[in-house]
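A.B. asks: This is the structure, below, for whatever I ask next.
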Amino acid sequence: MRIDNVAVVGADGRMGQLFCARARAAGMGVVALDRPLEPEAVRQAVHGVQMVLLCVPAAALDKVAGLMSGILSGNQILADITSVKVLPMQQMRRQYSGPVVGTHPLFGPAPAQGETRVAVVPDSGHAAGEAACAAVEDFFVRLGCEPFRTTAQEHDRAAACIQNLNFITSVAYFATLAHDDAITPFLTPSFRRRLDAARKMLTEDAELFEGLFEANPYSQDAVRAFRAILNHACAGDVNLLVDRAGWWWRSSDNRGGAPS
């Protein structure tokens, strides 16, 4: 199976615009859909496309997948790009009897060169699951991305640590320091860099990250693990934590991914 035409739902969003543009540049036919999603208009728009890619927030996915379930033929692929996978995969499988594929682009709407990895989760319970997953992987390769296969559980455990824990610890850190004007004369360049790095996440995208935190079944486990680490700091075992953190730099050729 080769995907040569796709319908992007949520095409007006930043990620939807990115995938529409890249698919067109790759020579694919693209149907761009966004709110309001009127059933009859959607039915006509997606007729004959090989894949419907849901570029919608995790909180809206179940409802949009339900709309698609009464429209798609059963041979068309239904895929999503949400940053959580266990719940969306369950929702798509429940709503749609055809092949579903979960994906998570590990980048934003303006990715740098070489930062276009995409996690892809197959539907192992569907007869066409393997063929559909391979087609979606090929789709992303043709868009200039680097897909890799995983499971919904493996993905969400990793996302809880990398994405959700980063969000919640940033919230906790800046909430701890808020409303204390006495500290502002002492702000250092490194603090300001951290503040600038968190600005967009906490002032523009907080609602999105709150939803992803709540939707991920492993988020609270990640917070409990972090709390256990903080207990070492409370006990004064800072050198132990520094040694443990050094794992990230144990390889001289590490460039920000897992050390080799």
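A.B. asks: For the range 54-140, what is the charge dipole size about the Cα centre, in debye to the nearest 20, if Lys and Arg each add +1 at the Cβ and Asp and Glu each add -1 at the Cβ?
C.D. replies: Using only the charged Cβ atoms, the result is roughly 260 debye.
A.B. asks: Angle check, please: helix 14-25 long axis (alpha carbons) against the longest principal axis of the chain (alpha carbons), in degrees 0 to 90, nearest 10.
C.D. replies: Approximately 50 degrees, to the nearest 10.
A.B. asks: Let me ask you something else. Using a ≥ b ≥ c from the Cα gyration tensor of the range 147-239 (square roots of the eigenvalues), is it rounded, prolate or oblate, where a/c under 1.5 gives rounded and otherwise the larger of a/b and b/c decides, a/b for prolate?
C.D. replies: Oblate.
A.B. asks: In the range 1-127, what percent of the accessible surface is made up of carbon and sulfur (1.4 Å probe, ligands and nucleic acids excluded)?
C.D. replies: 49
A.B. asks: Treat every Asp and Glu Cβ in the chain as -1 and every Lys and Arg Cβ as +1, leave all other atoms uncharged, and give the resulting dipole magnitude about the Cα centre to the nearest 20 debye.
C.D. replies: 340
A.B. asks: Of V238, V223, V31, which has the largest mean-square fluctuation in a 10 Å C-alpha GNM of the chain?
C.D. replies: In the Gaussian network model the winner is V238.
A.B. asks: Scan the range 32-136 for trypsin sites (Lys or Arg not before Pro) in coil per DSSP, keeping those whose Cβ has at most 10 other Cβ atoms within 10 Å, and list them by number.
C.D. replies: none
A.B. asks: For the chain, take the longest principal axis of its alpha carbons; what is the angle in degrees between that and the long axis of helix 129-142, to the nearest 10 within 0 to 90?
C.D. replies: Orientation of helix 129-142: about 70 degrees from the principal axis.
A.B. asks: For the range 142-248, which GluC sites (Glu not before Pro) pass both filters: DSSP loop (anything but H, G, I, E, B) and at most 16 other C-beta atoms within 10 Å?
C.D. replies: Here the sparse-neighbourhood loop sites are E204.
A.B. asks: By how many degrees, between 0 and 90 and to the nearest 10, does the Cα long axis of helix 58-69 differ from the longest principal axis of the chain?
C.D. replies: 10
A.B. asks: State in Å² the accessible area per residue of the chain; use a 1.4 Å probe, count heavy atoms of protein chains only, and round to the nearest integer.
C.D. replies: Solvent-accessible surface per residue comes out at 56 Å².
A.B. asks: Could I ask something else about it? Over the range 151-260, what percent of the accessible surface lies on carbon and sulfur atoms, probe 1.4 Å?
C.D. replies: Percent of accessible area from carbon and sulfur atoms in the range 151-260: 58.
The values are calculated or read from the model by the stated rules, or taken from the named source; none is laboratory data. Note that this is a predicted model, so its numbers are computed, not measured. With ideal geometry, Cβ positions are generated from the backbone for all residues, glycine too; neighbour counts draw on all protein chains shown. For accessibility, only protein heavy atoms count, side chains too; no ligands or nucleic acids. Shrake-Rupley method; radii C 1.70, N 1.55, O 1.52, S 1.80 Å.
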